[in-house]
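One structure is given here, and the rest of the page talks about it.
The values are calculated or read from the model by the stated rules, or taken from the named source; none is laboratory data. Every value quoted in this text rests on a predicted model; they were computed, and no experiment measured them. So basically every Cβ, Gly included, is an ideal-geometry build from the backbone, and we count neighbours across all protein chains shown.
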């Protein structure tokens, strides 16, 4: 019986030590994972700072001509931060994306924000502390909302009906995708197809941007507007300029 | 940032030791087993999913009430995968087809209601003739495979096809129609295969159908609105026509003319992995990144 008790004691002790050891391993694993992700976060911050300061040479010479039409979608709740929105537009202007012959399509702003944003058209836009300052002569800004998407297609359908049915006796409709594009233009909801669409907000979706226009648009989710970084913006545009599309 | 949950279990109990008739001690317990799993089902919040297939518990971290109802997948990267492995393009597409079956089975087990797979776009016709020919043959083999039909039937999966089937070959059209007929009564996961599909063409054909109805006096012009449109799109027949989550593989970050109307408020998940390389854990990671999202569908969340 003494032997039995001894064995039981040893086994108990082994069990306790084993559990402690496993708990320690568990904590170590958690620590390693947390350190890894913290390091990644720090690396990201450092990279953004280096890009903003112009120290990373590869980001200084971006082939902006590839971005003929840039779209920005801002989450409705995030768009309340007017100062952040305007700062973003100034950054875009300073990068050189909003030059003459280029267009920026913005979704998510309210009326007063649109009015204020329009003033950026003729203003000097220089970002403090960056090498990307440039004088902007003319900026084309287009503002869109959800009404430009699905309801617009419904209106274009009305127009196509009037054009192809009301005035002819065709049995079958023969209008094409080009007809829809023209009809959208005619009802005031036409516009270019953006090359790049930047999404600012907590959710990774394009928030109802005009569906007809984003067939081949590159979509990049930047993140919340309140924590936007100039470096992230540069990086997104730089990455886009390296993308190759097969179009099928 | 993702936290990877590991569950380490250590099993040894002194009560497993028994005293035999010869007063010897029999250690009924084997040497303590220590094992780790990333898909523990010990959490009582994870409900079991009861579908046509066997019941399974959800992987750790996934909540049944936050599961997307409709998942859409752009299966990209077959050719790159084949090139990386030194294989032919055909083998890449075949590997993609097998992965598609795995994904279908997984979605069925997880309780997802609709899975839409972008198999072939209207723009894909410009690819080399041999590749297109092989793909059409692969689709025909898949649609007419009795083995696959049995698998889908066993898992109560319904299969249907969207896209312009009019220019597909007659055997393929007939095989797809037969497959849709044979699985029509299944009530589990609804798999929609987008074949020769174009988002713009979807909107165009909806426009034509509406115009025809108005012309035939079945509708008034004033009735044309976005809700009516949605009823005429190719996805009108399914319970949840708008995807909650879109997964695109191979690192490309665009829609490529896929479900343009339906993806207005869809969560977009882009991963660098090539589709044939996607594992169950990768799909679950996509679902886990979707679940905590606060989707506002363009509105505000008012704080009271």
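Considering (1) more than 25 Å from the chain's Cα centre (by Cα); (2) surrounded by 14 or more Cβ atoms within 10 Å (Cβ to Cβ), the lone condition that residue B:129 does not fulfil carries the number (2). Residues that are modelled with pLDDT of 50 or more, outside any helix (DSSP H, G or I), more than 14 Å from chain A (Cβ to nearest Cβ) and farther than 20 Å from residue B:273 by Cα: does segment B:67-85 have at least one? The answer is yes; a qualifying residue exists. Say whether the condition of being within 16 Å of residue B:242 (Cα to Cα) and modelled with pLDDT of 90 or more is met by at least one residue in segment B:166-176. No: segment B:166-176 contains no residue that is within 16 Å of residue B:242 (Cα to Cα) and modelled with pLDDT of 90 or more.
Just wondering, is there one or more residues in segment A:12-23 that are at pLDDT below 90, facing chain B (nearest Cβ under 10 Å) and in a helix (DSSP H, G or I)? Looking through segment A:12-23, none of the residues is at pLDDT below 90, facing chain B (nearest Cβ under 10 Å) and in a helix (DSSP H, G or I). Tell me, yes or no, whether segment B:190-202 has at least one residue that is touching a residue at least 12 places away in the same chain (Cβ under 8 Å), assigned to a helix (DSSP H, G or I), surrounded by fewer than 22 Cβ atoms within 10 Å (Cβ to Cβ) and at negative phi. For segment B:190-202, residues touching a residue at least 12 places away in the same chain (Cβ under 8 Å), assigned to a helix (DSSP H, G or I), surrounded by fewer than 22 Cβ atoms within 10 Å (Cβ to Cβ) and at negative phi: present. Under the condition of being within 30 Å of residue A:244 (Cβ to Cβ), touching a residue at least 24 places away in the same chain (Cβ under 8 Å), facing chain A (nearest Cβ under 8 Å) and outside any loop (DSSP other than H, G, I, E, B), the residues counted in segment B:227-266 number 0. The lone criterion from (1) more than 24 Å from residue B:76 (Cα to Cα); (2) in a helix (DSSP H, G or I); (3) within 14 Å of chain A (Cβ to nearest Cβ) left unmet by residue B:218 is number (2).
What single numbered condition from (1) touching a helix residue (DSSP H, G or I) at 6+ places or on another chain (Cβ under 6 Å); (2) assigned to a helix (DSSP H, G or I) fails to hold for residue A:41? Looking at each condition in turn, residue A:41 falls short on (1). Tell me which residues, restricted to segment B:176-202, are closer than 30 Å to residue A:161 by Cβ, more than 14 Å from chain A (Cβ to nearest Cβ) and touching a helix residue (DSSP H, G or I) at 6+ places or on another chain (Cβ under 9 Å). Across segment B:176-202, the qualifying residue is only B:195. The numbered conditions (1) farther than 30 Å from residue B:60 by Cα; (2) free of Cβ contacts under 8 Å to residues at least 60 places away in the same chain; (3) away from every other protein chain (no Cβ under 14 Å) are all true for residue B:205 except (3).
Evaluated against (1) at pLDDT below 95; (2) on the phi < 0 side of the Ramachandran plot, residue B:298 falls short on exactly one condition, (2). Answer yes if at least one residue in segment A:131-152 is crowded, with 20+ Cβ neighbours inside 10 Å, closer than 16 Å to residue A:196 by Cβ and modelled with pLDDT under 80, and no otherwise. Yes; the residues of segment A:131-152 include at least one that is crowded, with 20+ Cβ neighbours inside 10 Å, closer than 16 Å to residue A:196 by Cβ and modelled with pLDDT under 80.
A single entry from B:102, B:114 fulfils the requirement of being away from every other protein chain (no Cβ under 14 Å) and buried (at least 19 other Cβ atoms within 10 Å of the Cβ): B:114.
Against the list (1) surrounded by 14 or more Cβ atoms within 10 Å (Cβ to Cβ); (2) at pLDDT below 95; (3) within 22 Å of residue B:135 (Cα to Cα), the condition residue B:242 fails is (3).
All of (1) closer than 21 Å to residue A:69 by Cα; (2) touching a helix residue (DSSP H, G or I) at 6+ places or on another chain (Cβ under 7 Å); (3) facing chain B (nearest Cβ under 7 Å) hold for residue A:191 with one exception: (3).
If you go through segment A:207-220 and keep only what is touching a strand residue (DSSP E or B) at 6+ places or on another chain (Cβ under 7 Å) and more than 7 Å from chain B (Cβ to nearest Cβ), you end up with A:209, A:210. Remark: pairs (first residue in segment B:139-153, at pLDDT 95 or above; second residue surrounded by fewer than 14 Cβ atoms within 10 Å (Cβ to Cβ); Cβ separation under 7 Å; 6+ apart in sequence or on different chains) = B:140/B:171.
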